[in-house]
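In what follows, a structure is listed as structure tokens, so that the remarks can point back to it.
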Amino acid sequence: MAVIGQIRNRMGGLLVAVVGGALVIFVVSDFFDSGNKAFGGGDRSIGTIAGEEIDVQAFERRVDEQEEVYRSNGTTVDAQLQEQIRNNVWNEILRERTLLSRAKEAGFGELISREEFDDIRFGNNVLPDFKGNPNFQGADGQPDKTKLRQYFKSIQEQAPMFFELQKRTFVNERLIAKYNTLVKKSCFVNSAQVTDEFTQKNAKATFTFVAKRYDAEPDSLYTASEEDIRRYYDAHKNEKKWEQKASRSFDYVRIPVVASESDILEAQKELADILPAFQAAKGKDDSTFVMANADTKSAAATPYTEGSADKLNDSLITHADTGAVVGPFRTADTWKLVKVKELADVSEARVRHILLGTQGGKPEDEVKQRADSILAVVKRDKSKFEEMVKKYSEDQGSVQNGGVYEWFDKTRMVPEFTAASFDQKVGATTICKTSYGFHIVEVLGQRTRKERRVLTVDRRSRPLPPTFKEAYKKANELSLNHADTAAFRKAAEEQGLAITPVKDLRADNKYVPGLQDPTSVVTWANRAELDGKPSAPIESGEAYVVCVLKGIKQDGVPTLEDVREPFTREAVKEKKAEAFMKQMEGKTDLNVLATETKGSVQNAQDMPFNSFSIPGGYNEPEVIGRVFGMKPGSTSAPLKGDMGVYVVNLATLTPAPQMTDAETEKKQLVDRKRNSAEGQLFNALRNASDVKDERYKFY
């Protein structure tokens with residue numbers, strides 16, 4: 001969804017507002033011919049889903065299609081956006097080969113009728129992304145079919161490629177939605193499940209207990225032998241919680257490429273060279289000039305904030321005539337040319353208001369009546385306005401200021417509030433309704449100020465090729481002259497270079513802490529051999545990186561060495577549990593036990609059976625189950641838990657009462673199952689499809 005904001009549409013405001021929303025749900029159904037030559041030669045599969053390979057060329061064609069949509073709307077497809085598009089396409093294919101495939105098998109076909117297609121675009125069942133978009137809503141908050149028709153007509157005429165992608169998206173999503181609905185409708189519970197659910201949440205226990213947490217004593221007091229660790233490993237290695245994903249660990253050294261003084265002066269010279277052309281540009285041409293030459297591309301003139309430049313250039317800008325260009329001047333690592341585009345008259349208002357909110361289901365007619373009553377009071381006696389603010393206003397942001405909003409222009413507030421502030425005369429008090437509720441608004445003042453608006457051509461001081469060459473030379477010497485890990489680490493430390501460890505980087509992880517553009521580093525890590533040799537210099541943003549691979553983990557059951565550290569901790573915890581249980585054995589007086597363990601007697605009052613945690617922050621579902629197996633009035637033997645050892649005195653065990661409204665209980669349970677069915681269905685199909693994501697081979 002983050003990429004939507006990058007789209008700059010050339011088809012007018014209406015189109016701009018929604019192309020992004022539509023892109024969120026791109027699911028392209030066609031699979032392209034995979035009979036071409038392999039992408040880059042060799043293995044051309046980027047992964048498998050349900051045993052079916054995904055051809056890299058077919059994948060790239062789908063990526064290209066979506067990239068072209070962005071480009072056609074004026075968006076630059078940089079490396080970050082390209083990676084997001086690849087992830088989007090991968091997820092689309094995953095949904096197609098799981099949910100969409102099952103939808104077709106269930107008999108929903110591959111197409112929908114024209115009537116149904118129109119219905120989900122501008123009929124009675126508008127797609128959620130459009131239904132909830134304010135740009136397509138009428139005054140009543142419902143989808144405006146005329147606006148929707150205009151939008152889709154514009155898309156079809158002006159962006160036919162996007163229209164076709166959108167059409168296939170809607171069809172696939174509609175088929176998947178039908179299949180999800182079918183699965184949800186098929187969810188049911190029987191009477192035994194309802195009874196069990198009711199019993200678990202209504203059976204309650206009241207008890208006192210003493211807990212000795214494992215972290216009450218340091219691990220250093222307990223020693224786990226190799227045999228203990230091996231025994232724990234053999235007993236637990238196949239558990240789901242220890243299932244291992246393929247990953248790699250490595251160390252890297254980053255050698256930054258920093259702009260030299262000559263690089264900085266070159267950036268200044270570049271702007272000085274284009275200054276005459278910027279001065280000569282008139283009208284729309286100066287905005288075009290900014291788009292062509294600035295790092296920060298902003299075609300619209302923006303208000304200039306005094307103090308944004310150094311004292312001399314700030315003075316030049318604030319006193320310059322329209323059309324004058326000031327600069328180049330430097331701000332941090334950026335050089336700027338600033339052109340005064342216009343001196344605009346900006347209307348401002350100062351008001352105070354009382355907000356009576358209508359959110360949360362409050363009846364509007366009742367709120368309006370109360371607003372009318374308050375309006376009558378403050379019209380009779382304006383000295384009561386501040387008193388009414390403190391008593392009734394729900395706008396917490398302005399209550400402390402007497403309801404006052406200091407000087408603001410017409411772009412800051414919602415349209416209805418703006419009209420009440422600017423269309424009325426100073427001293428007028430009126431009511432306006434917004435999406436927040438009813439506002440009693442008094443206009444305290446109105447004025448016009450001059451606003452200096454500027455266009456800026458900025459150019460960051462970047463390292464030039466000779467500077468990159470010097471940094472590469474340093475990185476290359478570090479790589480070539482130190483052929484093993486020990487020598488590499490020693491040399492890096494001697495040169496004052498920080499060694500950054502990266503632990504368990506998975507193949508699908510594209511983020512490396514501390515690196516600006518880690519793609520090439522990730523690619524190296526996924527292909528490197530575990531031979532102890534440093535990598536060749538890898539460019540990462542404005543830096544070179546030299547890496548050393550330290551470890552490789554495979555999918556599935558971990559080796560002992562892969563999990564030695566956590567399993568050692570667990571083995572030590574077993575030792576602690578044994579010692580604590582022995583220490584607490586036979587102790588039935590909880591007050592005495594609390595003193596001996598330097599703890600306290602804690603209380604659990606009417607705790608339901610379906611609880612996961614015991615009071616005091618102990619997440620112990622297994623211990624809770626054993627408590628409910630005790631007899632009232634009894635004291636337990638030491639109970640081994642995940643966070644500590646417990647001795648419990650059960651006071652009362654209250655069984656669940658007779659269920660009086662089975663239908664309501666059943667409906668609540670069914671609703672919960674249906675609400676979670678969609679996510680569980682996708683996860684189940686994905687797990688059953690044995691998904692292997694091997695994009696790291698190519699990207």
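Please treat every number below as a calculation from the coordinates, not as lab data. Worth saying up front: this structure is predicted, and the values here are computed from it rather than measured. Counting neighbours? That spans all protein chains shown, and the Cβs are built from the backbone with ideal geometry, glycine included.
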Three-way shape label, the stretch 548-672, alpha-carbon gyration tensor, a/c 1.5: oblate
The chain, helix-only ellipticity at 222 nm - DSSP H runs n ≥ 4, -39,500 (n - 2.57), divided by all residues, nearest 500: -13500 deg cm²/dmol
The stretch 356-401 shape via C-alpha gyration tensor axes, a/c threshold 1.5: oblate
Label of the coordinate-derived value, Kirkwood radius over Cα pairs in Å, listed as (i) 26.8; (ii) 30.8; (iii) 33.1: (iii)
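Order these peptides, 267-273, 332-338, by their mean beta-carbon neighbour count within 10 angstrom, highest first. Mind dumping the intermediate values first?
On the way: 267-273: 15.3, 332-338: 18.6.
In decreasing order of mean packing, 267-273, 332-338 become 332-338, 267-273.
Shape call for the stretch 500-555 from the C-alpha gyration tensor, a ≥ b ≥ c root eigenvalues: rounded (a/c under 1.5), prolate (a/b greater than b/c) or oblate?
Numbers: a/c = 1.91, a/b = 1.27, b/c = 1.51.
Here the stretch 500-555 falls in the oblate category.
Which helices pass in the chain if a helix is a full DSSP H run, must span at least 20 angstrom along its long axis by Cα, and must have mean Kyte-Doolittle hydropathy not below -1.0? Don't skip to the answer; put the middle values down first.
Details: long enough: 56-72 (24 Å, -1.35); 79-95 (24 Å, -0.90); 160-186 (39 Å, -0.40); 261-280 (30 Å, -0.02); 364-380 (24 Å, -0.62); 465-480 (21 Å, -0.89); 564-584 (29 Å, -1.21); 662-688 (35 Å, -1.22).
Membrane-span-like by this rule: 79-95, 160-186, 261-280, 364-380, 465-480.
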Lysines whose Cα lies under 28 Å from that of Lys284, excluding same-chain neighbours fewer than 8 positions away: Lys269, Lys297, Lys336, Lys339, Lys341, Lys410, Lys450
Those lysines that a straight Cα-Cα span of less than 19 Å connects to Lys382, excepting residues fewer than 8 apart in one chain: Lys390, Lys391, Lys425
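Quick check on the exposure proxy: order Leu100, Leu375 from fewest to most C-beta atoms within 10 angstrom.
Values: Leu100 23, Leu375 19.
With the sparsest Cβ surroundings first, the list reads Leu375, Leu100.
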Total lysine pairs whose alpha carbons fall under 26 Å of each other in the stretch 83-179 (8 or more apart, or interchain): 13
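Are there trypsin sites (Lys or Arg not before Pro) in the stretch 159-199 that DSSP marks as loop and that have at most 11 other Cβ atoms within 10 Å, and which are they? Intermediate values should be presented prior to the final figure.
Details: sites: Lys167, Arg168, Arg174, Lys178, Lys184, Lys185; in loops: none.
Qualifying residues, ordered by number: none.
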Length-normalised contact order of the chain in % [C-alpha pairs under 8 Å, at least 6 apart]: 22 percent
Trypsin sites (Lys or Arg not before Pro) within the stretch 53-123: DSSP coil, no more than 13 neighbouring Cβ in 10 Å: none
Straight-distance crosslink candidates among lysines, where the alpha carbon sits under 21 Å from Lys667 and sequence neighbours closer than 8 are dropped: Lys184, Lys185, Lys201
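Do any of Lys240/Lys666; Lys510/Lys697; Lys241/Lys573; Lys212/Lys587; Lys598/Lys640 go past 23 Å between their Cα atoms, and which?
Values: Lys240/Lys666 32 Å; Lys510/Lys697 13 Å; Lys241/Lys573 17 Å; Lys212/Lys587 13 Å; Lys598/Lys640 18 Å.
In this structure, Lys240/Lys666 exceed 23 Å between Cα atoms.
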Charge tally in the Cβ shell below 12 Å around Ser520, where Lys, Arg are +1 and Asp, Glu are -1, Ser520 excluded: 0
Gap separating the Cα centres of the stretch 205-269 and the stretch 408-481, nearest whole Å: 41 Å
